[in-house]
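Asker: Here it is, the structure, as structure tokens.
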Amino acid sequence: MRYAEPLSNQLQVFITSIGFGVLSGLLYEVFSVLRRLAGNKKKASVICDFSFCVIVTVLSFFYMVIYNNGIVRLNLIMAQLAGGIAFHLSMGRYIRKPLYFLMDILRKVTGFIFYPIKILLNKLQNTISTFLTKHQKAQNEEQNKKKTDKKIKNIAKILLKK
């Protein structure tokens, strides 16, 4: 039974942990672009951050199972964290700018493609709104007429009693 791994294996797993951290940093940049796409709303930020944490945690777990026989070590977690932070601080801004640019292009293209649908939905909404307003007015007029008729009947009853 072996209790300790050779140093070469530990070093290899440590270096791949740094690589995993770099990939996590890249994933973080993708989520930052998604957060910007959502308009920096509080709910979107929470959802994006939570999703990122869950995805990275699950991937990190599988990484530990595959590369380190399921042994979780603090130095490997710190290596992943260091790789992610190093990527974010060094290459993150160079990756983020093209992703923002692609996001803006994608937003414009989808806006152009869905513009006719947007117009159609607006017209449909206006038509439905107009119909409902007219229907509601008719109901209100009918209710008012019933109330007026009831008042007239009550007045007639009072006058006939005298």
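The values are calculated or read from the model by the stated rules, or taken from the named source; none is laboratory data. Only a predicted model underlies this, so the values are computations on that prediction, with no experimental measurement involved. Neighbour counts run over all protein chains shown; Cβ positions are idealised from the backbone, glycine included. Surface accessibility is based on the protein's heavy atoms, side chains included, excluding ligands, DNA and RNA. Shrake-Rupley method; radii C 1.70, N 1.55, O 1.52, S 1.80 Å.
Asker: Quickly run through region 36-70 and pick out the residues that are in a loop (DSSP other than H, G, I, E, B) and open to solvent by 70 Å² or more (accessible area, probe 1.4 Å).
Answerer: 40, 41, 69 - these are the residues of region 36-70 that are in a loop (DSSP other than H, G, I, E, B) and open to solvent by 70 Å² or more (accessible area, probe 1.4 Å).
Asker: Before we move on, is residue 63 within 30 Å of residue 18 (Cβ to Cβ), in contact with a Phe, Trp or Tyr (Cβ under 8 Å, 6 or more places away or on another chain), modelled with pLDDT of 85 or more and not β-branched (Val, Ile, Thr)?
Answerer: Considered against the rule, which asks whether it is within 30 Å of residue 18 (Cβ to Cβ), in contact with a Phe, Trp or Tyr (Cβ under 8 Å, 6 or more places away or on another chain), modelled with pLDDT of 85 or more and not β-branched (Val, Ile, Thr), residue 63 comes out as yes.
Asker: Being of a type in the set (Phe, Trp, Tyr), surrounded by 11 or more Cβ atoms within 10 Å (Cβ to Cβ) and under 23 Å from the mean Cα position of the chain (by Cα): is that true of residue 100 here? Walk me through how you get there before you give the answer.
Answerer: Details: of a type in the set (Phe, Trp, Tyr): yes; surrounded by 11 or more Cβ atoms within 10 Å (Cβ to Cβ): yes; under 23 Å from the mean Cα position of the chain (by Cα): yes.
Yes; evaluated as a whole, the condition is true for this residue.
Asker: Okay, moving on. Assess whether residue 138 counts as being surrounded by 10 or more Cβ atoms within 10 Å (Cβ to Cβ) and at pLDDT below 85.
Answerer: Here the answer is yes, as residue 138 does meet what is asked.
Asker: Follow-up. Can you pull out every residue in region 7-25 that is among the aliphatic types (A, V, I, L, M), surrounded by fewer than 16 Cβ atoms within 10 Å (Cβ to Cβ) and closer than 25 Å to residue 99 by Cα?
Answerer: Residues satisfying the conditions do not exist here.
Asker: Which pairs do you get when a residue that is over 18 Å from residue 47 (Cα atoms), found in region 6-35, comes within reach of a residue that is acidic (Asp, Glu), reach meaning Cβ atoms under 8 angstrom, with the pair 6+ apart or on two chains?
Answerer: none
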